[in-house]
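What follows is a set of notes on a single structure, which appears directly below.
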Amino acid sequence: MILAVMQPYLFPYIGYYQLAYHSDMFIFYDDVNYIKGGYINRNNILTKNGFQLFTIPIIKASSFKKINELSFQEDTRKILTSISQTYSKAPYFSSIFPLIEKILNDNNRNVAHITSRSIIEVFQYIGLKLYHDFSSKINYNRENSAQEKIYELCKINNADKYVNAYGGMSLYDKDEFKKRNIELGFINSIPTPYTQINSNEFIKNASMIDILMNCSKDEIINQLNNYTVI
């Protein structure tokens with residue numbers, strides 16, 4: 001069984017979705033400290049002038065609070081207007097914008113809830129099942145080191161394989177995982193060009209919003225499959 005654990009981000013880049021897609025169980029790591037200045041509450045959409053950062057402000061954001069202890073502000077009009085103006089002529093705008101609007105305007109303003117929805121509902125949209133859980137709902141030792149927590153989550157889920165994002169290669173040691181009878185792998189996303197309405201040349205690593213606006217469901221599934229595990 002393949003397990004992946006990752007903090008919930010807001011419409012992240014394709015590599016995050018590939019990590020979730022590759023796993024048999026995906027855990028949203030929502031009971032760890034919020035990182036100010038990170039991508040939990042923001043990401044890049046692609047405009048005709050290049051990347052533009054969109055952010056949903058968090059009420060009393062603090063690095064001393066857990067992700068699931070924080071809430072988004074209610075007013076999303078500025079962000080939704082920006083997304084609408086950027087992608088109004090995109091081929092799948094009429095299907096995708098209402099989905100984004102529904103997620104960002106959820107009455108439940110909890111940060112973990114809305115960010116995880118931006119992952120879960122994309123899988124639902126393309127017709128794929130995402131088996132998932134939230135670390136805050138799991139009974140494990142939260143006083144352990146970061147790596148010991150992962151070992152325990154693997155044990156709880158009967159996982160013999162653990163996958164992480166490529167950027168986490170420096171955090172974990174394959175030999176240490178092997179001692180626990182766990183195979184460690186890293187998702188290496190392969191940038192795959194697609195037609196982007198706001199750029200004549202392919203620009204990688206935009207928010208998933210850009211792929212959703214420009215690609216059909218089948219094309220999105222093809223994008224999800226373009227990775228290797230190292």
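So for the chain, taking the charge dipole from beta-carbon charges (+1 Lys/Arg, -1 Asp/Glu), which of Leu224, His22, Thr115 sits furthest toward the positive end? Checking the options against the dipole of the chain, the answer is Thr115. Spin-label model, Glu74/Glu101: points 7 Å from Cα along the beta carbon direction are separated by 1.9 nm. Quick check: at a probe of 1.4 Å, how many percent of the accessible area of the stretch 91-133 sits on carbon and sulfur atoms? Carbon and sulfur: 48 percent of the exposed surface of the stretch 91-133. Using only the Cα atoms of the stretch 1-113, build the gyration tensor, take square roots of its eigenvalues as a ≥ b ≥ c, and label the shape rounded, prolate or oblate: rounded if a/c is under 1.5, else prolate if a/b is larger than b/c, else oblate. Oblate, since a/c reaches 1.5 and b/c is not below a/b. Dividing the summed -39500 (n - 2.57) terms of all DSSP H runs of n ≥ 4 by the residue count of the chain sets its mean residue ellipticity at 222 nm at -10000 deg cm²/dmol. When Ser189, Ser207 are compared by accessible area at a 1.4 angstrom probe, the order from most to least is Ser189, Ser207.
Here the ratio of the Cα radius of gyration of the stretch 71-120 to 2.2 N^0.38 Å is 1.16. Rounded to the nearest Hz, the phi-derived 3J(HN,Hα) couplings of the stretch 17-22 under the Karplus curve 6.51 cos²θ - 1.76 cosθ + 1.60 (θ = phi - 60°) are 5, 5, 4, 5, 5, 6, where x marks glycine and proline.
Per-residue accessible area (protein heavy atoms, 1.4 Å probe) orders Met208, Met25 as Met25, Met208, starting from the largest. Most tightly packed first, judged by the mean number of other beta-carbon atoms within 10 Å of their residues, the peptides 100-110, 26-36 read 26-36, 100-110.
Estimated at the nearest 10 Å², the accessible area of Ile150 is 0 Å² with a 1.4 Å probe. Working from Cα pairs under 8 Å separated by at least six residues, relative contact order for the chain is 29 percent.
Beta bridges assigned by DSSP with both partners in the chain are antiparallel in approximately 45 percent of cases. Rolling a 1.4 Å probe over the protein heavy atoms gives the chain an accessible area of 50 Å² per residue. From the C-alpha coordinates alone, can you work out the Kirkwood hydrodynamic radius of the stretch 190-230, in Å? Here the Kirkwood hydrodynamic radius works out to 10.8 Å.
When the inverse distances between all different Cα atoms of the chain are averaged and flipped, the Kirkwood radius reads 18.3 angstrom. Compute log10 of I(q)/I(0) for the stretch 12-70 with the Debye formula, placing one identical point scatterer on every Cα and leaving out solvent, at q = 0.16, 0.28 Å⁻¹, to two decimals. Each listed q maps to, in turn, -0.67, -1.13. Across the alpha-carbon set of the stretch 143-190, the Rg to Rh ratio works out to 0.96, Rh being the Kirkwood radius. Note that the stretch 91-100 has calculated 3J(HN,Hα) couplings of x, 10, 4, 5, 8, 8, 4, x, 5, 5 Hz, one per residue in order, obtained from phi through the Karplus relation 6.51 cos²θ - 1.76 cosθ + 1.60 (θ = phi - 60°); glycine and proline are x.
If R0 is 22 Å, the Cβ-Cβ spacing of Asp175 and Asn144 corresponds to a FRET efficiency of close to 0.70. For the stretch 191-201, putting each phi into the Karplus relation 6.51 cos²θ - 1.76 cosθ + 1.60 with θ = phi - 60° gives couplings of x, 10, x, 9, 5, 10, 4, 9, 8, 7, 10 Hz, in residue order, rounded to whole numbers and with x for Gly and Pro.
With the simple model of a label 7 Å out from the Cα in the direction of the Cβ, Tyr194 to Arg109 spans 3.2 nm. About the centre of its Cα atoms, the chain shows a dipole size close to 400 debye [charges on the beta carbon of Lys, Arg (+1) and Asp, Glu (-1) only; nearest 20 debye].
Size estimate for the stretch 42-102 follows the Kirkwood approach: the inverse of mean 1/r over distinct Cα pairs works out to 13.2 Å.
The values are calculated or read from the model by the stated rules, or taken from the named source; none is laboratory data. Every value quoted in this text rests on a predicted model; they were computed, and no experiment measured them. A quick note on method: Cβ atoms are made from the backbone with ideal geometry, for glycine too, and the neighbour counts reach across all protein chains shown. Please note that ligands, DNA and RNA were not included when accessible areas were found on the heavy atoms of the full protein model with its side chains. Shrake-Rupley method; radii C 1.70, N 1.55, O 1.52, S 1.80 Å.
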